[in-house]
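Chemist: Dropping a structure here in structure tokens format, bear with me for questions.
The values are calculated or read from the model by the stated rules, or taken from the named source; none is laboratory data. Remember, predicted model here, so these are calculated numbers, not experimental data. Please note: Cβ atoms are built from the backbone with ideal geometry, for glycine as well, and neighbour counts cover all protein chains shown. For accessibility, only protein heavy atoms count, side chains too; no ligands or nucleic acids. Shrake-Rupley method; radii C 1.70, N 1.55, O 1.52, S 1.80 Å.
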Amino acid sequence: MTLGTLYGLGVGPGDPELITVKAFRKLQECPVIAYPKKLKGSKSYAHRIVEVYINPSEKNMLGLVFPMTKDEKTLNVEWAKSVEAIYKYLEQGQDVAFVTEGDPMLFSTFIHLMKLMKEMHPEVQIETVAGISSFNGSANRLGIALADGDDHVAMVPATEDMEEMRRVLETHDAVVFIKVAKVLDNLLDLLEEMNLLYGTHVVTKVTSDEEIIWNVDELRGAELNYLSCMVVRK
């Protein structure tokens, strides 16, 4: 029997309408929908987006748990379980759509899943469908042009290395920081020092029904959700 195809579907930053026609078609066609599943049982971000377009009773819904830990042994075991869970359907000739918020090839869970599938089952055909990322969504919701003409733009995971963050800010016209929650106050100090707070904006869960657009004056000491972006435009 011919193996099924594994599709990585980008389903956008939060608003269910920000999904491509191709991703919509694949959701209709694929008999198996795989999605990141939260341990506490609440629906994942991607799951909430796609449930607008599918009837779960007509699909095999495959929830996969990806533990938030740095323990390599635990990670290897759990990731391998997810690959094998997907492969059980693929070897039956069924296509599987793995849904991920944003774009599947940009800071997504699908990237490691794809690499591991290629290692464990290199015979499996894998295709991805591009999605709108949170940095695109943030720029449009804020009405900020990220690039024009010869502008330089960077998208950077925020880290504790403030000298590196300074270098990025100095050498680009616009910077989108992701994963800002853990270093928020340090980053605000740096931006204030560089006189860039006037061009700083933060959005949480952009375009979703839980979206928060923060006032920069209220950010210091705030506990941001992991799905938050900081946009800095000179």
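Chemist: In whole Å, what three semi-axes, largest first, describe the equivalent ellipsoid of the range 42-131 built from its Cα gyration tensor (square root of 5 times each eigenvalue)?
Modeler: 20, 17, 14
Chemist: Would you report the distance distribution of C-alpha pairs in the chain as whole percents per 5 angstrom bin, up to the bin with the largest distance?
Modeler: Histogram of Cα-Cα distances, whole percents per bin: 1, 6, 13, 16, 16, 14, 12, 10, 6, 3, 1, 0, 0.
Chemist: Right, here's the next one. Starting with the highest mean, order 130-139, 154-163, 80-89 by the number of other Cβ atoms within 10 Å, averaged over the residues of each peptide.
Modeler: Ranking, from highest mean packing down: 130-139, 80-89, 154-163.
Chemist: Let me ask something else about it. Would you work out the relative contact order for the chain, in percent, from Cα pairs under 8 angstrom that are 6 or more residues apart?
Modeler: Relative contact order, the chain: 23 percent.
Chemist: Using the Karplus curve 6.51 cos²θ - 1.76 cosθ + 1.60 with θ = phi - 60°, what ³J(HN,Hα) values do you get for each residue of the range 94-107, in whole Hz, with x for Gly and Pro?
Modeler: Karplus values, whole Hz, x for Gly and Pro: 9, 6, 10, 9, 9, 9, 9, 5, x, 10, x, 10, 9, 6.
Chemist: Classify the range 161-230 as rounded, prolate or oblate, taking a ≥ b ≥ c as the square roots of the eigenvalues of its Cα gyration tensor: rounded when a/c is under 1.5, otherwise prolate if a/b is larger than b/c and oblate if not.
Modeler: Prolate, since a/c reaches 1.5 and a/b exceeds b/c.
Chemist: Pop out the ³J(HN,Hα) list for the range 209-226 in order, Karplus 6.51 cos²θ - 1.76 cosθ + 1.60 with θ = phi - 60°, rounded to Hz; leave Gly and Pro as x.
Modeler: With the stated coefficients, the range 209-226 comes to 6, 10, 4, 10, 9, 7, 7, 4, 6, 9, 7, 4, x, 6, 9, 7, 5, 4 Hz.
Chemist: Can you tell me the relative contact order of the range 130-234? Whole percent, Cα pairs under 8 Å, sequence separation 6 or more.
Modeler: Rounded, it is 31 percent for the range 130-234.
Chemist: Here is a follow-up. What lysines sit close enough to Lys115 to cross-link, taking a C-alpha to C-alpha distance under 26 Å and skipping anything fewer than 8 places away on the same chain?
Modeler: Lys22, Lys26, Lys37, Lys38, Lys43, Lys59, Lys70, Lys73, Lys81, Lys88, Lys179
Chemist: First compute the accessible area of the range 108-229 with a 1.4 Å probe, then give the percent of it belonging to carbon and sulfur atoms.
Modeler: Here carbon and sulfur together make up 46 percent of the probe-accessible area.
Chemist: Moving on to the next point. To the nearest 10 Å², what's Lys38's accessible area with a 1.4 Å probe?
Modeler: 100
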